[in-house]
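Take a look at the structure set out below.
The values are calculated or read from the model by the stated rules, or taken from the named source; none is laboratory data. Please read these numbers as outputs of a predicted model, since none were measured by experiment. Here the Cβ positions follow ideal geometry from the backbone for every residue, glycine too, while neighbour counts run over all protein chains shown. Accessible surface is based on the protein model in full, side chains and every heavy atom, while ligands, DNA and RNA are left aside. Shrake-Rupley method; radii C 1.70, N 1.55, O 1.52, S 1.80 Å.
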Amino acid sequence: MNEQTQPTTVRVFIALAPPDHAKDELARELRPAYDTYPHMRWNRIEDWHITLAFLGELSVSTVPLLRPPLAGLAAAHQPIRLALRGGGTFDDRVLWSGVDGDLDGLRMLAADVRTVVKSCGVAFEGRPLRPHLTLARARRGDRSSTADIAAGLTEFAGSRWPAERLHLVGSNAGRSTGPIHYRDIESWALGGGS
């Protein structure tokens, strides 16, 4: 008997997502790199996000406990004006775009998110916030592509936009051999907007 069983855990993080026009600006800047470096594992544009807290694998039953406090937190924070700017690499394999704008507001929101998560009894690795948007990963052994692409992003400065929603996101990482896909578990307007 081959029954489909639902996973008992989900990989979870809390993030902000740039609006489509900001993602489009960056995608246009990256278009030559998409053609020049097709062997890179490019993240899907619709999945681009700025992680505030990575919670890792959580029990499916734990996730609903996060919803009310995160909703309250989002309502208490006003939208933050941000922009995508420049680029760089982590460990010579991960290509990212930087984040500019109200970084103090971003850090405060991230700190409050992490406090709320801990108050829900969720233990997670509290890495320092390094505001960025992950674009792609190089394949093992390829140390030059990410640096070359990052160098091409040095002058990139996207237009400012308000981050208006807080997203609780789940991913299928580690569950398939294909690309990682993200899905909103839920999202809330910052400042209690729509």
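Just to be sure, is GLU125 in contact (Cβ under 8 Å) with a residue 60 or more places away in the chain, closer than 28 Å to PRO7 by Cα and either over 17 Å from the mean Cα position of the chain (by Cα) or not in a helix (DSSP H, G or I) (or both)? Yes, satisfied. Of all residues in the stretch 39-75, those that are open to solvent by 30 Å² or more (accessible area, probe 1.4 Å), in contact (Cβ under 8 Å) with a residue 60 or more places away in the chain and in a helix (DSSP H, G or I) total 3. Evaluated against (1) closer than 22 Å to PRO162 by Cβ; (2) assigned to a helix (DSSP H, G or I); (3) open to solvent by less than 50 Å² (accessible area, probe 1.4 Å), HIS21 falls short on exactly one condition, (3). For GLY193, the conditions (1) surrounded by fewer than 13 Cβ atoms within 10 Å (Cβ to Cβ); (2) at negative phi; (3) modelled with pLDDT under 95 are fulfilled apart from (1). Given the structure, is ALA110 part of a helix (DSSP H, G or I), of a type outside the set (D, E, K, R), open to solvent by less than 50 Å² (accessible area, probe 1.4 Å) and within 15 Å of PHE90 (Cβ to Cβ)? No. Annotation note: Cβ proximity below 6 Å between a residue of the stretch 1-13 that is of a type outside the set (A, V, I, L, M, F, W, C) and a residue that is modelled with pLDDT of 70 or more and part of a strand (DSSP E or B) (sequence gap 6+ or interchain) occurs for THR9/GLU57; THR9/SER59; ARG11/GLU57; ARG11/SER171. Right, ARG93: of a type outside the set (Val, Ile, Thr), open to solvent by 30 Å² or more (accessible area, probe 1.4 Å), at negative phi and under 16 Å from the mean Cα position of the chain (by Cα) or not? Answer is no for this residue. If you go through the stretch 162-175 one residue at a time, do you hit one that is assigned to a helix (DSSP H, G or I) and either touching a Ser or Thr at 6+ places or on another chain (Cβ under 7 Å) or of a type in the set (Lys, Arg) (or both)? No, because not a single residue in the stretch 162-175 is assigned to a helix (DSSP H, G or I) and either touching a Ser or Thr at 6+ places or on another chain (Cβ under 7 Å) or of a type in the set (Lys, Arg) (or both). Which ones in the stretch 114-128 are under 15 Å from VAL12 (Cα atoms), out of contact with any Phe, Trp or Tyr (no Cβ under 9 Å at 6 or more places or on another chain) and either aromatic (Phe, Trp, Tyr) or modelled with pLDDT of 85 or more (or both)? Once the filter is applied, which keeps residues that are under 15 Å from VAL12 (Cα atoms), out of contact with any Phe, Trp or Tyr (no Cβ under 9 Å at 6 or more places or on another chain) and either aromatic (Phe, Trp, Tyr) or modelled with pLDDT of 85 or more (or both), the stretch 114-128 yields VAL116, CYS120, GLY121, VAL122, ALA123. Out of LEU133, LEU103, one residue alone is under 19 Å from ARG160 (Cα atoms) and open to solvent by 40 Å² or more (accessible area, probe 1.4 Å). It is LEU103.
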